[in-house]
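The structure appears below as structure tokens.
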Amino acid sequence: MQIYDNDIVKELKEELVEKHKDWLWSNRQVGVERVSEKLLIEKYLHHGDEHQWEKLKRAFKKADIKRVWINSGGLSGSRNNNHEVARFFFSIRNPEKYQERKQREYIASFCRD
């Protein structure tokens, strides 16, 4: 994963473990060094606000953010903010249609010879 700004990544990790422990998978004490970039992106995509999203945009490659978003259910419609994420990060004008098209393509990929 390509990082554009290590200072922003460090700031987001510190904020995650100090202020947003409830976003993490357990109540155990988690140190900044144990938070991967993938986990950091995933948690802020699903729970963060536009200010935090702006920091993600400045810290990581758009392709890396999109990969994490898709792999964590971005196209499934299971998250409440998927359409906002699609508009904010990827300039997708009609996220509902984009999501439907991507789901059809995904299903069709299993039906090919």
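Conditions tested, residue by residue: (1) of a type in the set (A, V, I, L, M, F, W, C); (2) surrounded by fewer than 17 Cβ atoms within 10 Å (Cβ to Cβ).
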residue: 35; (1), (2): yes, no
residue: 38; (1), (2): no, yes
residue: 43; (1), (2): no, no
residue: 46; (1), (2): no, no
residue: 56; (1), (2): yes, no
residue: 64; (1), (2): no, no
residue: 72; (1), (2): no, no
residue: 94; (1), (2): no, yes
residue: 108; (1), (2): yes, yes
Boolean, residue 83 is part of a helix (DSSP H, G or I), of a type outside the set (Val, Ile, Thr) and over 21 Å from residue 15 (Cα atoms)
yes
All positions within region 44-62 that are more than 15 Å from residue 81 (Cα to Cα) and outside any helix (DSSP H, G or I):
60, 61
Among the residues of region 31-46, count how many are under 16 Å from residue 14 (Cβ atoms) and under 12 Å from the mean Cα position of the chain (by Cα).
6
Being modelled with pLDDT of 90 or more and among the β-branched types (Val, Ile, Thr) narrows it down to one of 70, 65, so name that one.
65
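The values are calculated or read from the model by the stated rules, or taken from the named source; none is laboratory data. The structure displayed is predicted, hence computed values, not measured ones. Cβ: placed from backbone, ideal geometry, glycine included. Neighbour counts: every protein chain shown.
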